[in-house]
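Notes follow the structure.
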Amino acid sequence: TTRVHSVIPLAMNKRQSIATILAIGYLWVSSSPGVAQANVKLEALRRLEGLNLDANPSLKQTVTEILEEAKGSPAFVELAIKFKLETFRNDLLPSALAIEDRTGSVNALRHILDSEAKASIEAALDDPEETQTTMKLIDLLGASGSREAASYLKAIILREGSIDTRRRAVTALVSTRQGAQAILDMAQSKQLAPGLKLTAASSLAATPWNRIREQASTILPLPLSADMQNLPPLSELIQQEGNIAEGEKVFNRPTSLCSICHVVLDKGIDFGPNLTEIGDKLGKDALFEAILSPSAGISFDYEIWDVSLKNGDEATGIIVSDTETELAIKSQAGIVTRYPKSDVTSKVKQSRSGMPEGLQMTMSQADLVNLVSYLTSLRKKALDQ
């Protein structure tokens, strides 16, 4: 009661109804259990209007204490922004991202987008480290449906950076009709990077807007399988369970071309990345991406180079060694050839992967799903057993 009386005079200087709300709220709080106490306090703060907290130190202290207890909740973000409390500025975005309820998290992010605190979003997205926090922020931006959020996602898609982050931004942007149209516009104007086209095609094919889907089928068609049928979106392929034993057969089948470039358990040709433990490194989504769009994300140290020599010969392959005196190239047959640097006239890195495009056209949809299930099973723990 003492605390109520200390706050009421400050409130009454602004509006009689404020004093009434605070009095009722705090008198109720005094006899309410913990959770109810917190809810009543926050509801009382929501109803405070037109106050200058800097002119009311006692009330400002009360508000600050209440919000300190509410960190990590949608109400904290909403009210800290409402009262423009600088002391909480750095806590707003972390609190929004920490909210477990997705709806609450999105609503909290919307409050940030509509305030001066939105600068923290741009700072978080500019962080070169790709983290789960970054990915969650991108997802929430898409779910917010905000024009402001869409501008951030477009910037991520168009800039240089992690291909995984940019793919996540494509998926997030497609969650609204305006965003889906923006992706189509980027594709038509050739602004969409090749490494993003499969993700965009799959995402657009799963949208609920008929006109968008029809346009996407022409502008960004999905890959075809061996029977010349369009494959379903990645979101559907990932849900399908394949047969591991059948997938191993697909891997070793000459027409699939897998074993002529990759090694699994000391079998195959050592040209592309060793796949013996690939299931520990890539999820099903990334494996489908690698097969359906191999040039989208070329592994470091596996870029293909075209090398020209003084005698008119050419060599193509992966550079395994590049010193002041010698250049060593591994061919697709797995053979390493060493050339004196004095014989090399030029070397040009290819923009495409050494893994051929259109491999899915050598197999049925079932074959593709079986193959990915087999690759997913290649894990160190499974090999040790």
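A simple spin-label model places the labels of S342 and Q229 6.2 nm from each other, with each point 7 Å out along Cα-to-Cβ. Normalised by 2.2 N^0.38 Å, where N is the number of residues, the C-alpha radius of gyration of the chain stands at 1.36.
Taking a cut-off of 17 Å between Cα atoms, list the lysines near K60, but don't count ones fewer than 8 places away on the same chain. By straight Cα distance, K60 reaches K14, K41, K71, K82, K84. Model label points for E116 and N90, set 7 angstrom from Cα along the Cα-to-Cβ axis, are 1.8 nm apart. Most tightly packed first, judged by the mean number of other beta-carbon atoms within 10 Å of their residues, the peptides 142-151, 192-201, 217-226 read 192-201, 142-151, 217-226. For region 217-297, the ratio of Cα radius of gyration to the globular rule of thumb 2.2 N^0.38 Å stands at 1.18. Per residue, the accessible area of the chain comes to 53 Å², computed with a 1.4 Å probe over protein heavy atoms only.
Stretched out straight at 0.36 nm per residue, the stretch from I238 to R147 would grow longer than its current Cα-Cα span by 29.7 nm. For the chain, no complete DSSP H run has alpha carbons reaching 27 Å or more along its own long axis together with a mean Kyte-Doolittle score of -1.0 or higher.
For region 254-385, count all C-alpha to C-alpha pairs, find those more than 22 Å apart, and express that count as a whole percent of the total. Roughly 43 percent, rounded to a whole number. The magnitude of the dipole of region 44-187, with charges of +1 and -1 set on the Cβ of Lys/Arg and Asp/Glu and taken from the Cα centre, is near 500 debye.
Residues T207, T131, T325, T176, ordered by accessible area of protein heavy atoms at a 1.4 angstrom probe radius and largest first, appear as T325, T131, T176, T207. Just the protein heavy atoms count here, and of the accessible area of the chain at 1.4 Å, carbon and sulfur take up 50 percent.
Since only S105, S144, A117 are under comparison, the one whose Cα sits farthest along the positive direction of the charge dipole of region 57-171, derived from C-beta charges on Lys, Arg, Asp and Glu, is S144.
Amide hydrogen proximity for S353: with H placed 1.01 Å from N in the peptide plane, the residues at 5 or more positions away or on another chain lying under 5 Å are S295.
Inter-part distance, region 92-122 to region 225-300, computed on C-alpha centroids, equals 38 Å. Here r is the Cβ-Cβ distance between S321 and A286 and R0 is 30 Å; the resulting FRET efficiency, rounded to 0.05, is 0.55. Descending by average beta-carbon neighbour count within 10 Å, the peptides 42-49, 340-347 line up as 42-49, 340-347, the highest first.
Charging the Cβ of each Asp and Glu at -1 and of each Lys and Arg at +1, and nothing else, the dipole of the chain about its Cα centre rounds to 1220 debye.
Dipole of region 154-286 computed with +1 at Lys/Arg Cβ and -1 at Asp/Glu Cβ about the Cα centre; of G195, L257, T176, farthest Cα towards the positive end is T176.
Each of L220, P57, L85 was placed along the dipole of the chain (beta-carbon charges, centred on the mean Cα), and the one lying farthest toward the positive end is P57.
Residue-wise HN-Hα couplings along region 233-242, as the Karplus relation 6.51 cos²θ - 1.76 cosθ + 1.60 with θ = phi - 60° gives them from phi, are x, 4, 4, 7, 4, 4, 6, 7, 9, x Hz; Gly and Pro carry x. Taking amide H as placed 1.01 Å from N in the peptide plane, the amide H of Y302 sits under 5 Å from none that are at least 5 places away or on another chain.
The values are calculated or read from the model by the stated rules, or taken from the named source; none is laboratory data. This is a predicted model, so every value here is computed, not measured. Note that we place each Cβ from the backbone using ideal geometry, even for glycine, and neighbour counts take in every protein chain shown. The area values use the complete protein model at the heavy-atom level, side chains included, leaving out ligands, DNA and RNA. Shrake-Rupley method; radii C 1.70, N 1.55, O 1.52, S 1.80 Å.
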